[in-house]
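A short worksheet on the structure shown next.
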Amino acid sequence: MKKTVRIMAVAFVLFGWLCNSAFAAKTEIKELNFGIISTESTANLKKGFEPFLHELEEKLGMKVNAFFAPDYAGVIEAMRFKKVDFAWFGNKSAMEAVDRAGGEVFAQTTGDDGSLGYNSLIIVHKDSPYNNIEEIITAGKDLKFGNGDPNSTSGYLIPSYYIWAKHNIDPKKYFKLARNANHESNAIAVATKQVDFATNNTENMDRFAISNPELAKEVKAIWISPEIPKDPLVWRKDLPREIKTKIQAAILSFGRVGDNAEKELEILHNVSSGWGPFLTSDNRQLLPIRELEIAKSIKKIEGNDKINKADKEIKLAQLTDKQKSLVQFIQLTDFWNSPKEQ
């Protein structure tokens, strides 16, 4: 009797596995969802991305839906729960998607001028009495700050490390007001004097000058960061191999080959701040951003007087070892100096 029960149990498991396999074989991906981070209003993003996704549909031979969210985290979580199949991210949000949402970098955007990088900015109103970061810090308690989305590279991570961490400043506690918003909202807030200064980047300010030319005239930059690598495209690494192959072929050929290449270049020109043809990439693109995150954490712990000396030494030693290993790996891979496939 026991032997019969065991045989029946095994048969039941095998039957279930075969049924699931048959169902999976018949289940074909007919649509893809493309995530778009909220650098500006959804209405403005749609203008550039809808023609791009429509052309991508033609190249892929399947429907591609746009997925918008009110913040970067919404797109990351959508990828985590398989509501987004591939997406446009900034480097910081791409890192979160890779670490938390099963993402994988597969391509990198370029500028329509051929550029491979851009810069973070601190902007103020053109009539502002503040002309550098030192003056901003001196007047800190009286100022309203438009910070970026916490998952933004240029709007949050870069200024967090290069400015606030190095001055041992927590913006939420240091300034009269510190609020988070997308790049477009921060530019508008500065231009209309709702905040005294804000983060932004060179790409978005170029786009802002086109979409809001009069407001753009009211803004000036008082700080510019080192160059940041252009944004990556990320897909779910658990997508079927044949789907990945189709996506990558469509993306890398966009604006490069075929009878529609010229039309596709014009479409790319109107996406985001103006894209050019894509380059191949992988998760190594995120290594410098990971190094910055560690460096920011080190600065934060060094300036924290609430941590006792022994605990601080342990945490700093762990982070420093991690940083050294990462730097060595970056030097070994030499990703940024190696030629990219086009």
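What follows is calculated from the coordinates using simple rules that are stated; it is not laboratory data. Just so it is clear, the model here is predicted, and its values are computed rather than measured. Here Cβ is always computed from backbone atoms with ideal geometry, including for glycine, and neighbour counts include all displayed protein chains.
Which angle from 0 to 90°, rounded to the nearest 10, does the C-alpha axis of helix 202-211 make with the longest principal axis of the chain?
So the inclination is approximately 90 degrees.
Report the rotationally averaged projected area of the range 204-303 based on its alpha-carbon convex hull, in square nanometres.
Reported value for the Cα convex hull: 10.1 nm².
Starting from the Cα-Cα distance between Asp238 and Ile169, subtract it from 0.36 nm times their residue separation and give me the gain in nm to one decimal.
Here the answer is 20.8 nm.
Could you sort out which of Lys47/Lys173; Lys63/Lys263; Lys82/Lys263 sit more than 30 Å apart by Cα distance in this structure?
Lys47/Lys173; Lys82/Lys263
For the chain, what D do you get in µm² per second when you plug the Kirkwood radius from alpha-carbon pairs into Stokes-Einstein at 20 °C and 1.002 mPa s?
97
How far is helix 91-100 tilted, in degrees, relative to the longest principal axis of the Cα atoms in the chain, given as a value from 0 to 90 rounded to the nearest 10?
40
Quote to one decimal, in nm, the extra length available between Glu57 and Lys82 on full extension: 0.36 nm per residue of separation minus the C-alpha distance between them.
Separation in residues times 0.36 nm, less the Cα-Cα distance, equals 7.1 nm.
So what's the net charge close to Asn151: Lys and Arg +1, Asp and Glu -1, counting the other residues with Cβ under 9 Å from its Cβ?
-2
Treating the angle as unsigned and between 0 and 90°, give the value, to the nearest 10°, between the Cα long axis of helix 287-302 and the longest Cα principal axis of the chain.
50
Classify the range 117-229 as rounded, prolate or oblate, taking a ≥ b ≥ c as the square roots of the eigenvalues of its Cα gyration tensor: rounded when a/c is under 1.5, otherwise prolate if a/b is larger than b/c and oblate if not.
It comes out oblate by the Cα gyration axes.
Dipole magnitude of the range 231-298 about its Cα centre, charges +1 at Lys/Arg Cβ and -1 at Asp/Glu Cβ only, in debye to the nearest 20?
Rounded to the nearest 20 debye, it is 320 debye.
Hey, rough spin-label estimate for Lys217 and Asn65, points 7 angstrom out along Cα→Cβ, what's it come to in nanometres?
Roughly 4.3 nm, to one decimal.
Could you tell me what a quarter of the Cα convex hull surface of the range 59-138 works out to, in nm² with one decimal place?
About 9.0 nm², averaged over all directions.
Label points 7 Å out from Cα along the Cβ direction at Lys46 and Asp282: separation in nm?
It is 3.9 nm.
I need Arg236, Arg284 ordered by Cβ neighbour count within 10 Å, fewest first.
Arg284, Arg236
Over 32 Å between C-alpha atoms is what I'm after, so list which of Lys141/Lys220; Lys144/Lys324; Lys193/Lys315; Lys92/Lys244; Lys176/Lys299 land there.
Distance filter (> 32 Å) returns Lys144/Lys324; Lys193/Lys315.
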